[in-house]
Amino acid sequence: GEPVFEDLLRMYLLSNLHRARVILEADPKHEERQRAEEVAENASILGSLGEEELARIELIQSHLDDELKTDEPEDLVSRIPVLRVSSLERFEKKTPRSEEREEGLLFIHENLNSSGIVYFQFGFDLRAVPRDLLPYVPLFGRALTGTGTDKRDYISLTREIQSKTGGIGAGRVVSPVKDSSDTVLYFFAEASCLHRHFDSTLELLKEIIFGAKLDNRDRVQQLAKLMKASLEESVVSRPIGLVNRRSGSRMSEASFLEEKMSGLNQLFFLRELLPQIEHEWTKVQEKLERLRSYLFRKEGIFCNVTLDEASYRSIQPAIRDFMRSIPAGASIAGAAPFERAC
């Protein structure tokens, strides 16, 4: 219970009156002396060599000079890989993409040979979330995979993800729509796995989405501290990005919302949130649960899969069943009026 590190810092650093002055002065004759030592060393080595050794060294040097002046055989040069301008495609390659709609559900398929690996993500409409809950979205995303579930603790969940999948995580997209005043606002639950492990990975993702232990105060607090420390480090190491995001938040709704979730506004929010987690945890947990109820709803959901056509068709029924099983959530809150961040 004693402040061990604080006392050590105070004793040996803050209250330590010892001082040492170190003066470094350039030596103007250092290079001259170094060259003289090198000449003397070379002379000593040459003086120790016999005539035969000197002749052998001169012969090796002569052969080396000849090799440097001689062009490489064409058959060897032709084996060197060369990227020419003609090898580059003039236009951006478009990914084969198809969309299907069924009972209000959107299925997006990117038909690529992914070597038997399934990349898939479920998109949930963030516009269904009240604006006052949007600052909680980054922490909520971390908490999904960082708090454990109602079936296993955080350590067991992490081991399961690492052993059975290529990764499970959460993300978001906040972007203006080209030639429009609209904003794209989506939250993603995403994963990758081998084709043969798709069913088990989908079940694990479902367990995380609906069973994450958002009542795990200790883990939520740890995650919030890590996020706060990362943002504070960014203030020192990457301030320009934060300034650009802050100033850009006055230009568009998308920039404003992103500032709330990843800029200085998010840092200020986390600084206020940590004491609330400590002293008013019930209120914080209630907001995280509300966020889950607003976010994970059938309305507006879509699935995006990257996989070859035949393999995609084999897993599509499982995807369809999963999306159908998602309940209708709380009604959409509607977009609040646009506000400036500062």
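The values are calculated or read from the model by the stated rules, or taken from the named source; none is laboratory data. This is a predicted model, so every value here is computed, not measured. Glycine gets a Cβ as well: all are built from the backbone with ideal geometry, and neighbour counts include every protein chain shown. Keep in mind that these areas ignore ligands, DNA and RNA; they rest on the heavy atoms of the full protein, side chains included. Shrake-Rupley method; radii C 1.70, N 1.55, O 1.52, S 1.80 Å.
Between N111 and V236, what is the FRET efficiency for a Förster distance of 35 Å, r being their Cβ-Cβ separation, to the nearest 0.05?
So the FRET efficiency works out to roughly 0.20.
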- Label point distance in nm, E299-E51, each placed 7 Å from Cα along Cα→Cβ: 10.3 nm
- State the percentage of accessible surface on the range 211-281 attributable to carbon and sulfur atoms; use a 1.4 Å probe and exclude ligands, DNA and RNA. 53 percent
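Between R84 and D218, what is 0.36 nm times their sequence separation minus the Cα-Cα distance? Round to one decimal in nm.
Additional length available on full extension: 42.6 nm.
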- Task: Give the carbon-plus-sulfur fraction of the accessible surface of the range 9-57 in %, rounded to a whole number; probe 1.4 Å, heavy atoms of protein chains only.
- Result: 56 percent
- Compare L157, L64, L291 in a GNM of the chain, Cα atoms joined below 10 Å, and give the one with the largest fluctuation. L64
- Task: For n ≥ 4 DSSP H runs only, could you compute -39500 (n - 2.57) per run for the chain, divide by its residues and tell me the 222 nm figure to the nearest 500?
- Result: -16000 deg cm²/dmol
- Please report, as a whole percent, how much of the solvent-accessible surface of the range 110-181 comes from carbon and sulfur atoms (probe radius 1.4 Å). 46 percent
- Query: Relative to a virtual label point 7 Å from the Cα of D27 in the Cα→beta-carbon direction, which members of the range 33-51 show backbone nitrogen distances below 14 Å?
  - Reply: 33-38
- Per residue value of the accessible surface for the chain (all protein chains in place, 1.4 Å probe), Å²: 65 Å²
- Any lysines with Cα under 16 Å of the K164 Cα? List them, leaving off those in the same chain fewer than 8 positions away. K206
- GNM flexibility winner over the chain from N113, N304, N42 (Cα, springs under 10 Å): N42
- Near-label residues of the range 200-216 by backbone N, under 12 Å of a point 7 Å along Cα→Cβ of K164: 200-208
- Item | the chain - Kirkwood radius from inverse mean 1/r over Cα pairs (Å) | 26.2 Å
- Working out 0.36 nm times the residue gap between Q316 and S62, then minus their Cα-Cα distance, what length gain in nm do you get to one decimal? 84.4 nm
- Note on the structure: Looks like the range 44-202, by Cα gyration tensor root eigenvalues a ≥ b ≥ c and the a/c under 1.5 rounded cutoff (else prolate when a/b is bigger than b/c, oblate otherwise), is prolate
- Suppose R0 equals 45 Å; then what is the FRET efficiency for W281 and L9 from their Cβ-Cβ distance, rounded to the nearest 0.05? 0.90
- Loop-resident sites, the range 1-110, for chymotrypsin sites (Phe, Trp or Tyr not before Pro), counting at most 14 other Cβ within 10 Å (DSSP): F91
